[in-house]
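Comments concern the structure below.
The values are calculated or read from the model by the stated rules, or taken from the named source; none is laboratory data. This one's a predicted model, so the numbers in the text were calculated from it and none came from an experiment. Cβ placement follows ideal geometry from the backbone for every residue including glycine, while neighbour counts extend to all protein chains displayed. Remember, those area values only see protein heavy atoms, side chains included, never the ligands or the DNA or RNA. Shrake-Rupley method; radii C 1.70, N 1.55, O 1.52, S 1.80 Å.
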Amino acid sequence: MNLLLLEDGDFVAADRVRLSGRRLVHLNEVHRAENGDTLRVGRLGGQMGRGQLLQLDASGAELQVAFDQPPPAKLPITLLLALPRPKMLKRVLQSVSAMGVPRLVLLNSYRVEKSFWQTPFLEPAAIREQLILGLEQARDTVLPEVLIEKRFKPFVEDRLPQLAAGTLGLTGHPGDYPACPRAVEQPVTLAIGPEGGWIPYEVDKLAEAGLQPVQLGERILRVETAVTALLARLF
């Protein structure tokens, strides 16, 4: 936790917060904080700043806080991601949040197992929990928007063209395609498939919506690795 992220319910006064639960445990067991310590804090959806620890014990922590710094800028990207397996989904959500992706679309694909859509990790509270962990890691305060699209064809035909309008549309896919561009200077809409890759029909439909296939080389990457590699290459 590189940023102590605060929510509206934590505030007991305009400049004071009281914490319990996971963050209290972290302060005691990881930070080994003591009264008088100054910590990096951020208000969810707002600015960042500093908090001075006024009181810390087993029942709670109280800090005096002040905010004077904007959060880091988000990447100019909309990321479409074929729903990964549940355990990987948790890691991907954290990575996407930490890397500054402002909008994530979790999308169905022929190779996405139907059981994946039943995971409790897709519940709004579970998604939010992983996004929060990513923000804390990267020192950010603004949650990404997460959209869930269980029907590939209607989304790609009816919504994606408008979503991708005015952006560089790309589909990450292994094969005889151009290399993924580097250090682009325009907004991007990027689609990354499941571990088995998009099927040809899906690649064609994404292309019709304005997303052209690109590749990172001959190696077949795990979803979480492909996300990190493509974002690092693009920006």
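Name the residues in the stretch 127-157 that are free of Cβ contacts under 8 Å to residues at least 24 places away in the same chain and under 21 Å from residue 6 (Cβ atoms), would you?
128, 129
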query: Right, residue 16: modelled with pLDDT under 95 and open to solvent by 70 Å² or more (accessible area, probe 1.4 Å) or not?
result: no
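Filtering the stretch 220-235 down to residues that are in a helix (DSSP H, G or I) and open to solvent by 30 Å² or more (accessible area, probe 1.4 Å), which residue is farthest from residue 86 (Cα to Cα)?
233
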query: Mind checking which residues of the stretch 1-13 are assigned to a strand (DSSP E or B) and open to solvent by less than 40 Å² (accessible area, probe 1.4 Å)?
result: 4, 5, 6, 11
message: Restricting to the stretch 197-219, and then to whatever is assigned to a loop (DSSP other than H, G, I, E, B) and open to solvent by less than 50 Å² (accessible area, probe 1.4 Å), can you tell me which residue is nearest to residue 153 (Cα to Cα)?
response: 209
- request: Evaluate the following for residue 81: is it hydrophobic (A, V, I, L, M, F, W, C), open to solvent by 10 Å² or more (accessible area, probe 1.4 Å) and part of a strand (DSSP E or B)?
  value: no
query: What is the number of the single condition among (1) under 21 Å from residue 194 (Cα atoms); (2) in contact with a strand residue (DSSP E or B) (Cβ under 6 Å, 6 or more places away or on another chain); (3) modelled with pLDDT of 95 or more that residue 173 does not meet?
result: (3)
task: Please specify each residue of the stretch 110-123 satisfying the condition of being assigned to a loop (DSSP other than H, G, I, E, B), over 10 Å from residue 84 (Cα atoms) and open to solvent by less than 70 Å² (accessible area, probe 1.4 Å).
output: 119
message: Need pairs with beta-carbon distance below 7 Å; first residue in contact (Cβ under 8 Å) with a residue 12 or more places away in the chain and within the stretch 215-226, second open to solvent by 70 Å² or more (accessible area, probe 1.4 Å) and not in a loop (DSSP other than H, G, I, E, B); sequence gap 6+ or separate chains.
response: 224/91
Residue in the stretch 94-107 that is in a loop (DSSP other than H, G, I, E, B), within 30 Å of residue 185 (Cβ to Cβ) and without any contact (Cβ under 8 Å) to a residue 40 or more places away in the chain present: no
field: Residues satisfying the stated conditions in the stretch 169-186, i.e. open to solvent by 60 Å² or more (accessible area, probe 1.4 Å), over 23 Å from residue 110 (Cβ atoms) and not small (Gly, Ala, Ser)
entry: 178, 182, 185, 186
The stretch 24-67 - residue that is among the acidic types (Asp, Glu) and part of a strand (DSSP E or B) and, of those, surrounded by the fewest Cβ atoms within 10 Å (Cβ to Cβ): 57
- prompt: Exactly one of (1) closer than 30 Å to residue 225 by Cβ; (2) modelled with pLDDT under 95 is unmet by residue 112. Its number?
  reply: (2)
- prompt: Which of the residues spanning the stretch 149-168 are open to solvent by less than 70 Å² (accessible area, probe 1.4 Å) and touching a helix residue (DSSP H, G or I) at 6+ places or on another chain (Cβ under 8 Å)?
  reply: 149, 152, 156, 160
